[in-house]
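Engineer: Attaching a single structure in structure tokens format; questions to follow.
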Amino acid sequence: VTPGVRAGGQLRPPALSGRAADPAAFAPSPPAAVVGGGLGGSAVAYFLQQHFGPQVQLDVYEPAGAGGRLATVTVNKQQYESRGASIHALSLHMQDFVKILGLKHRREVAGKSAIFSGEHFVLEETDWYLLNLFRLWWHYGISFLRLQMWVEEVMEKFMRIYKYQAHGYAFSSLEELLRSLGGDAFVNMTQRSVAESLLEVGVTQRFVDDVIAAVLRSSYGQSVLAPAFAGAMSLAGAQGSTWAVEGGNKLVCSGLLKLTKANVIPAKVTGVSLHSSEGRALYQVHYEGSEGQGSAFYDMVVVTTPLHPSRSNFTFENFEPPIADFPGAFQPSVTSVVHGYLNSSYFGFPDPKLFPFASILTTDTPDLFFNAMDNICPVNISSTFRRKQPQEAAVWRVLSQQPLDKQQLKTLFRSYYSVQVTEWQTYPRYDATKSLPPIVLHENLFYLSGMEWVASSMEMIAVAAKNVALLAYNRWHQDLEKIDQKDLMHKVKTEL
């Protein structure tokens, strides 16, 4: 596409971007580009349309098909989630998406969990809720109650974000967003470890080593040195009720893009350069697709793919001051979807019929080569579906830091039919940096994925998408009263 031609094919000379010279009389809705078609991209496209109105021109650049990391793999003609499998019950934006799109919650198939130390199970779940509580109490005393109180307090404050967003308030930095929810304490929680925070409220070291470490290994593939805020979100998911979308969580992404009628361009964005037109910023988005290279001009751009050097070679040109490199690295993680017979004797059950667990978490033991594994169900669960018995061939998802070698697969499985390996750089390396990435890169150029450095989950991405859409809208209409306001709890109460 030559400069001045929008990717949708309409002629649009850079100098005539549909805006009046008077800044108060901007075009009612700017042509906007969204980089990435995962959950962040599809959600921000949906929210931008909600705020700017149905006439907003939206181009979404996505080379690999909607869904991003919410991918599935096929085993025996059935599809299984390879990552991003469960959504917390309190995820209000995700709940909304499912309702708006007419999707359904996947039927739950019960299964017990246990935590494995490499030699024995340190904690086993039973069918009896009271017995589970008793075991936790017996092993760890009051620690698990203190943990619950700590997580609940964080979640209760975090839930304020929905009220703020419903009233149209937005935040120009992650620090401002956190401060409005939980004061400086929330900002500090991104800079100190979950272990330190829990020990401070009276949780024992043993509970941290056995239980907290296992949860963080299974959710982020990382240790208890992860920041307290990311840890709290992960622990909320582990102890709350969770759900998934019937047919696969990625249906939310394709559904939202269809609903917004966004123009999806199957190309990879390589960079953004700044031009000015009538004293306002105009952004040229450069991309590569199957038909070669192209570019198009926009008044607004939202980048939803990670901008860290280890993940992208994205360039920003003509920006003064230049847009700095983003600190921090990503954690490599490997998902192996194995169709085979579990080697239950490795876990101390010589008779596979007696093996009772559907998911196994692990403690932080040096010679343990996997973080977690679970006997997974397909994304479509019929009413007659039953989980495979432990002595039958089942589909297991194994999470590890490195790809499993033949010997390791033999340790976990007596035999197997197939192994499908996906290597990701899924989550930020949480111990690697103390500063949070910016949201505003330039006037109307926004970065959404920084939220993952606070905590990474589907709902956190949806919250970030709503915040960026509100921020873009409030800045475009110069409604500064709705940005970075102090004492929002009081303001929202008086507005009601």
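Engineer: What is segment 267-352's relative contact order, in percent, from Cα pairs under 8 angstrom and six or more apart in sequence?
Structural biologist: Across segment 267-352, relative contact order equals 22 percent.
Engineer: Further question on the same structure: Express in Å², to the nearest 10, the accessible area of residue 96 obtained by rolling a 1.4 Å probe over the protein heavy atoms while all chains stay in place.
Structural biologist: 70 Å²
Engineer: Now for a different question. Go through 145-158, 443-456 and give me the packing order, highest mean Cβ count within 10 Å leading. Please list the in-between numbers first.
Structural biologist: On the way: 145-158: 17.2, 443-456: 23.6.
Listed from highest to lowest mean packing, they are 443-456, 145-158.
Engineer: Pull up the cross-link candidates among the lysines for residue 268, meaning alpha carbon to alpha carbon under 29 Å and not fewer than 8 places away within one chain.
Structural biologist: Correct list for residue 268: 250, 258, 466.
Engineer: Under unit Cβ charges (Lys, Arg +1; Asp, Glu -1), what dipole magnitude, rounded to 20 debye, does the chain have relative to its Cα centre? All intermediate terms of the calculation are to be shown ahead of the outcome.
Structural biologist: Numbers: 42 positive and 44 negative charges, 255 e Å.
So the dipole magnitude of the chain works out to roughly 1220 debye.
Engineer: What do you get for Rg/Rh of the chain when both radii come from the Cα atoms and Rh is the Kirkwood radius? Please list the in-between numbers first.
Structural biologist: Numbers: Rg = 23.7 Å, Rh = 24.0 Å.
We get a ratio of 0.99 for the chain.
Engineer: Under a 5 Å amide H to amide H cut-off, with H placed in plane at 1.01 Å, what residues pair with residue 330 once short-range neighbours are removed?
Structural biologist: Residues meeting the criterion, in which the H sits 1.01 Å from N, are 429.
Engineer: Where only protein heavy atoms count, and the probe is 1.4 Å, what is the accessible area per residue for the chain in Å²? It would help to have the intermediate numbers written out before the result.
Structural biologist: Numbers: 21610 Å² over 496 residues.
Per-residue accessible area for the chain comes out at 44 Å².
Engineer: So, one more: Ignoring ligands and nucleic acids, what accessible area does residue 494 show with a 1.4 Å probe (Å², nearest 10)?
Structural biologist: 100 Å²
Engineer: What's the magnitude of the charge dipole for segment 120-276 around its Cα centre, counting Lys and Arg as +1 and Asp and Glu as -1 at the beta-carbon? Answer in Debye, nearest 20.
Structural biologist: Values: 13 positive and 14 negative charges, 138 e Å.
Approximately 660 debye in magnitude.
Engineer: I'd like the accessible area for residue 429: 1.4 Å probe, protein heavy atoms, all chains in place, Å² to the nearest 10.
Structural biologist: 80 Å²
Engineer: Here is a follow-up. Hey, what angle do you get for helix 39-52 against the long axis of the chain, alpha-carbon based, 0 to 90 degrees rounded to 10?
Structural biologist: 40 degrees
Engineer: Based on a Kirkwood Rh over C-alpha pairs, give the Stokes-Einstein translational diffusion coefficient of segment 345-463 at 4 °C and viscosity 1.567 mPa s in µm²/s.
Structural biologist: On the way: Rh = 18.0 Å.
Calculated translational D: 72 µm²/s.
Engineer: Another one. Go through 258-264, 212-218 and give me the packing order, highest mean Cβ count within 10 Å leading. Don't skip to the answer; put the middle values down first.
Structural biologist: On the way: 258-264: 18.0, 212-218: 24.0.
My ranking of the peptides, most packed first, is 212-218, 258-264.
Engineer: To test your reading of the geometry: what angle, between 0 and 90 degrees and rounded to tens, separates the Cα axis of helix 129-140 from the longest principal axis of the chain?
Structural biologist: 80 degrees
Engineer: Which of 265, 180, 370 sits farthest toward the positive end of the charge dipole of the chain, with +1 on the Cβ of Lys and Arg and -1 on the Cβ of Asp and Glu?
Structural biologist: Among 265, 180, 370, the one farthest towards the positive end of the dipole of the chain is 265.
Engineer: Compare 364, 374, 299 by solvent-accessible area with a 1.4 Å probe and give them largest first, with all protein chains kept in place.
Structural biologist: Details: 364 85, 374 40, 299 0 Å².
So the residues, ranked largest to smallest area, are 364, 374, 299.
Engineer: Still on this structure: With a ≥ b ≥ c taken as the square roots of the eigenvalues of the C-alpha gyration tensor of segment 70-193, please select rounded if a/c is under 1.5 and otherwise prolate if a/b is larger than b/c or oblate if it is not? Don't skip to the answer; put the middle values down first.
Structural biologist: Values: a/c = 2.08, a/b = 1.17, b/c = 1.77.
In terms of gyration-tensor shape, oblate.
Engineer: Carbon and sulfur atoms: what percent of the 1.4 Å accessible area of the chain do they account for?
Structural biologist: 54 percent
Engineer: Please work out the C-alpha center-to-center distance from segment 29-62 to segment 351-379 and express it in whole Å.
Structural biologist: 40 Å
Engineer: Put +1 on the Cβ of each Lys and Arg and -1 on the Cβ of each Asp and Glu in the chain; which of 207, 120, 193 then has its Cα farthest toward the positive end of the dipole?
Structural biologist: Looking along the dipole axis, the top candidate is 120.
Engineer: If you don't mind, there's one more thing I want to ask. Within segment 465-496, list the trypsin sites (Lys or Arg not before Pro) lying in a DSSP loop whose Cβ has at most 14 other Cβ atoms in a 10 Å radius. Don't jump to the answer; show the numbers that get you there.
Structural biologist: Details: sites: 466, 475, 482, 486, 491, 493; in loops: 486.
Counting only loop positions with at most 14 other Cβ atoms within 10 Å, the trypsin sites (Lys or Arg not before Pro) in segment 465-496 are 486.
Engineer: Helix 458-476 versus the longest principal axis of the chain: what is the Cα-based angle in degrees, 0 to 90, to the nearest 10?
Structural biologist: On a 0 to 90 degree scale, this one is about 10.
Engineer: Quick one: work out Rg over Rh on the C-alpha atoms of segment 150-268, Rh as Kirkwood radius. Write out the running numbers ahead of the final one.
Structural biologist: Working: Rg = 17.7 Å, Rh = 16.7 Å.
Ratio value, two decimals: 1.06.
The values are calculated or read from the model by the stated rules, or taken from the named source; none is laboratory data. Computed from a prediction, not measured in an experiment: that's the story for all the values here. Using ideal geometry, Cβ is built from the backbone for each residue, glycine included, and neighbour counts are taken over all protein chains shown. Accessible surface areas use protein heavy atoms only, side chains included; no ligands, DNA or RNA. Shrake-Rupley method; radii C 1.70, N 1.55, O 1.52, S 1.80 Å.
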